[in-house]
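These notes concern the structure reproduced below.
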Amino acid sequence: MNFMESYLYFCRRFHKFHIPKLKFKELNDRYKSIYNNYYDISEDDIYKASFIIFLISLSFFVIFSAIFSFFHILIIFFYSFLFSLILSYKFSVYLLNEIQKNESIINAMLYLIKIDFSLIQKSLKKNSDYCINFIKLIKNYNLPISDNFKEILRRTHEGELPEKVLMNILTPSEDFNRYLKDLLTSNFNNESGFVDFKDNTLERNFKIYLRDIESKLSIIFFIGLFFPIGLCFLLSFQLINLIFTILSIPLFLFILNSLFKKFIKQNNFLIGLIGEYSKIEKKKIHEFLLFLKSFANNLRRNISPEYAFLKSYSQNRKLYDLIEVPLKNQISLLLNISCSFREMINNLKFELNSIRFKIILEAIEKFVEQNAFFSSEKIFDILAVLSKHQKLETKLEIIIKGEKFKVFFFLFLLPLVTGVIGGMFPLFVLLNKNIQLSNNFSLNILFNIVYFKDIIIIFLSLLSIISITSYYFLKIINHNKRFFIVIVANIIFILTFLISLLNVLNFI
């Protein structure tokens with residue numbers, strides 16, 4: 001039993017019980033239908049299970065904190081309540097997130113599906129069954145709905161009308177549902193072969209993301225800066241103990257990691273978008289697109305795909321750097337008649353070793369098999385989609401580059417401030433205890449009041465938090481030399497902390 005099955009089984013256990021529901025999101029009718037039809041579960045069952053998760057986690061956090069911390073019971077209850085709410089929220093939206101993830105995968109492939117099916121429409125005879133061919137097309141794609149289309153194909157073989165079965169299907173993707181409805185309305189016949197390249201849901205969501213990203217970055221910078229500084233002040237005035245200080249390290253890591261995944265990390269599956277703005281990956285995809293453009297132009301001349309592939313390589317050989325070796329290897333196999341065009345494409349997918357190249361090459365493989373001549377214009381359609389996505393990526397890069405100065409300024413400022421405040425910890429302890437400094441006051445007396453191990457724990461805790469902040473700030477701007485900059489920030493903190501500590505000891 002996988003996690004999804006265990007999750008659904010746990011939620012269904014509370015179906016018959018009349019217990020409170022913990023509802024975080026209002027689902028629209030489409031998601032409610034998917035819950036019922038695809039997963040055989042009611043949203044109320046999930047909300048009941050979320051309430052149980054909330055009670056269990058709240059009890060655990062309160063008992064654990066009461067044993068291992070010295071906070072007031074109201075403070076313990078407050079943060080236990082907060083963490084329990086977060087856990088129950090994560091539990092409540094797990095199924096919804098899975099559905100939305102599947103929706104993103106389908107939406108990412110929808111352009112290729114449209115291009116692929118338009119080529120099938122051009123290649124088949126007018127009296128062909130376009131509906132069955134569409135079902136076979138989706139069945140052969142590696143999509144979350146492919147198994148459903150296998151089942152639809154089986155039912156049509158048993159005598160059911162395919163159009164009637166498709167009328168009742170509801171997929172996680174609203175864009176796909178709309179496309180399917182258009183096909184059913186037009187009886188799967190498109191004389192013009194026109195492919196609609198209007199923005200789909202993924203691209204609209206990405207544009208919204210571009211508008212919001214600066215505000216989201218400000219939130220991460222605020223927490224990354226003021227959590228360490230705030231911790232320094234809490235330690236200095238002895239408002240928290242050392243156990244909480246140590247526990248704050250994984251808590252801070254969890255907060256920054258969650259914010260990075262929620263606000264910054266891209267999970268939109270746009271096939272033309274390069275993850276984390278890698279310069280090497282960008283150059284690689286640029287060379288690959290040049291090769292595809294040349295390959296499509298050569299296919300237009302009505303020559304064989306093998307010869308078009310060879311010619312595209314030889315014509316622009318000097319322009320290829322990163323993909324030159326993989327292409328050369330496949331050309332050698334092709335010239336030695338050691339493999340077919342299909343085998344060569346499969347080998348190239350393996351050598352280029354990227355999901356993006358794999359998706360594009362699989363599409364081209366299908367196009368060429370269906371109709372080598374018409375596939376040239378379909379490759380240009382793919383290039384148009386990729387170009388559209390790259391323009392969106394350029395806008396994102398401009399925003400991220402604009403944050404570089406801010407990041408490096410913060411990475412210089414934060415170690416200085418935390419080092420100064422952290423190094424003054426012994427002085428704050430003496431002031432809090434109202435101990436008078438006199439000529440007879442010695443370091444031995446100080447270390448009887450402030451334990452040396454406490455200073456070491458504070459030093460290592462703040463150093464860890466500085467490292468976490470530096471790493472995630474650099475990850476936001478995708479700086480290549482993260483390790484080096486983190487080391488520099490740590491050295492600044494260590495030097496500042498030691499200078500501040502020694503000055504305090506000399507003053508005492």
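The values are calculated or read from the model by the stated rules, or taken from the named source; none is laboratory data. Keep in mind the model is a prediction, meaning the values are calculated, not measured. Glycine gets a Cβ as well: all are built from the backbone with ideal geometry, and neighbour counts include every protein chain shown. These area figures cover heavy atoms from the full protein model, side chains too; ligands, DNA and RNA do not enter into them. Shrake-Rupley method; radii C 1.70, N 1.55, O 1.52, S 1.80 Å.
Observations
- Chain lengthening between Leu242 and His157 when straightened (0.36 nm per residue, less Cα-Cα): 23.7 nm
- Computed FRET value (nearest 0.05) for Lys261 with Ile208, which takes r as the C-beta separation and R₀ as 22 Å: 0.80
- Scanning residues 5 or more positions from Ile145 or on other chains, none has an amide H under 5 Å from its amide H, with H placed 1.01 Å from N in the peptide plane.
- Relative contact order, percent, the chain [alpha-carbon distance under 8 Å, six or more residues apart]: 16 percent
- Spacing of the modelled spin labels on Phe350 and Leu495, each 7 Å from Cα toward Cβ, amounts to 5.2 nm.
- Here Lys181 is the anchor, and the aspartates and glutamates within straight C-alpha reach of less than 20 Å, apart from those fewer than 8 places off in the same chain, are Asp29, Glu103, Asp116, Asp129, Asp147, Glu151, Glu160, Glu163, Glu191, Asp196, Asp199.
- Residue-count net charge about Thr201 - beta-carbon cut-off 9 Å; Lys, Arg +1, Asp, Glu -1: -4
- Surface exposure of the chain, expressed per residue as accessible area with a 1.4 Å probe, stands at 53 Å².
- Measuring r between the beta carbons of Ser340 and Asn142 and using R0 = 25 Å, the FRET efficiency lands at 0.70.
- Ranked by how many other beta carbons lie within 10 Å on average, peptides 140-147, 98-105 from highest: 98-105, 140-147
- log10 of Debye I(q)/I(0), alpha-carbon scatterers only, for the stretch 13-60 at 0.13, 0.25, 0.27, 0.33 Å⁻¹: -0.33, -0.94, -1.01, -1.17
- Equivalent ellipsoid semi-axes - Cα gyration tensor, the chain, angstrom: 56, 33, 16
- Centroid-to-centroid separation of the stretch 338-354 and the stretch 193-265 [C-alpha atoms, Å]: 40 Å
- Two-site label geometry, Lys293 and Lys125: point separation in nm, points 7 Å out along Cα→Cβ: 4.0 nm
- Phe373/Lys481 FRET efficiency (R0 41 Å; Cβ-Cβ; nearest 0.05): 0.25
- Here the extension length gained between Glu281 and Ile56 equals 76.4 nm, from 0.36 nm per residue of separation less the Cα-Cα distance.
- A crude spin-label estimate for the pair Lys358 and Asp29, with each label 7 Å from Cα along the Cβ direction, gives 3.9 nm.
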